[in-house]
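Every number here is computed from the coordinates shown, using simple stated rules; none is lab data. The shown structure was predicted, so the numbers you read here are calculated from the model rather than taken from an experiment. A quick note on method: Cβ atoms are made from the backbone with ideal geometry, for glycine too, and the neighbour counts reach across all protein chains shown.
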Amino acid sequence: MRIQEWFSPPDPCRPYDSHERLFRGLQRLENAAILCLQMKALKPVRKIVRQYGLPPDRADDILNRSTLIFLQKIEDGNYQFLGHAPSTYLIEIARRVTLSATRAQKKTTAPLDGHERLPDPEVESDKRRQEDTELVRHLLDRLGDPCAQVIRLHHIEGYSDEDVVQQNMTRYTTVDSLKMKRSDCMKKLIQLARKWKISNNT
Amino acid sequence: MEDFKQYLSEDLEEEERAAAERIRTGLEGLRLERKVTEVAAGRRALLRQRFRMRIVVAALLVVTGGGAILFFWKKDLPVQQQPRVPVPDPDNAPPMNPGSVSPTPPGNTKNTPVVENRPAKDLPEPRFSAPVLRGAGSEDPARKALLNKIWYTDYPPTGFAASGHFEKADELLKNRDFTGAYVQLQRLERSLPANDTLRFMKGYCLLELGEGAEALAYFEGMDIRQPAWKMQLEWYRGLGALLTGDSKKALTTFRKIGDTPGHAYRKQGKKAAGLLH
């Protein structure tokens, strides 16, 4: 690391001088854009965590969880950019996630007068997504290599087929053979998910 | 199969469609999770870097502040019990003319001691150690230790203010860069007519560089031309003699200084004589 860099850490928000640019960066899932968003929200999130009485070391988890929810919303087209700072929305999500975490911590306390607390739809939907994520993680482990590997490289790590072939990341030496293998593997994965659903009745 | 939407639009059983939808959501979740984990690592690195930078800045501020406090605090301290040697204004110093007596510097019209020793209960230890010894006997640790105990050669002597051509050399001497000062004085010697200020400064440089014999040569006969400097020069001669290894001559000089009432270096002389004896 150069001394100059050491003394002046790079500012991740430099390329995103407007809310729109930041939003476009988030749409493209640029690391710098996500980092900029998180750095903007970090202090308020820490404050929220403190306000809700959670341990300060939970702030990082909550920020990551909230970022994930926000990015999913952008991916699904559920977040409409109206010119506001994306970090404001992230902070709002973080508030809900923190509240949900606080409720989970106090689950042992019975609600007053038999009134059930209403679940937050956003947090609930995130929970369902988390379940699906865990399911796929589990099924990929069961599927084993090379299927898990070809699916991971393309769908999770985002490598193009050309890169995978050129860099010899798998045993498949042509793009066509790689695609064909992945197609088979995906079918296997879906069948596994079906069986899993039947056996677990989820 | 590559495109989930296409796959899902095909005529599928409800169960299969639901399973494929869950896989799609799960894969998307894993992809985003990976992204967020990656960014979180970057965020931690960035925060660490910022923290380090803050520590460095704080340390620099403390050091600078401490230095400033020390500087101003030292400035406010009373003058040490070091001898003061008035040195004539170098620009007005007459060319060296052996045999002639230079005029007494301003402020010393009476032939009173030009060097005065401020009263002190105990003689403080010298601020700086003696130079590295050269020549025969340079390995003698006892001589080195003795010199360290009596090396009262603080610069500038109180009341001394170099000006004009000598400013640079004076600055270097204040920074204890004796080699640099010597080089500067050598240059001046080539361009200026010789004068006692230049010779005094050169002699002092040589003394601090451990060149006793050469220093003594520069001080030779100077007290006749500059009687106001006599006491200072006597002390330097004693030190110079000790540097050359001539302990006998040094002891005689120190005894003489110690036995002279009102001598600016009387205490130092007594101490030196006592240690040497």
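Can you flag which of B:Lys230/B:Lys256; B:Lys74/B:Lys144; B:Lys249/B:Lys270; B:Lys202/B:Lys256 are past 20 Å Cα-Cα? The answer is B:Lys74/B:Lys144; B:Lys202/B:Lys256.
Each principal axis of the range B:219-277 carries a Cα extent, and these read 32, 26, 12 Å when sorted largest first. Annotation for the range B:174-227: GluC sites (Glu not before Pro) lying in DSSP loop with at most 14 further Cβ atoms inside 10 Å of their Cβ are B:Glu220. For the range A:121-197, the Kirkwood estimate of hydrodynamic radius, built from reciprocal distances between every pair of different alpha carbons, is 13.4 Å.
With the Kirkwood sum run over all distinct C-alpha pairs, the range A:3-105 has a hydrodynamic radius of 14.3 Å. Once the chain from B:Glu189 to B:Ala41 is taken as fully extended at 0.36 nm per residue, the excess over their C-alpha distance is 46.7 nm.
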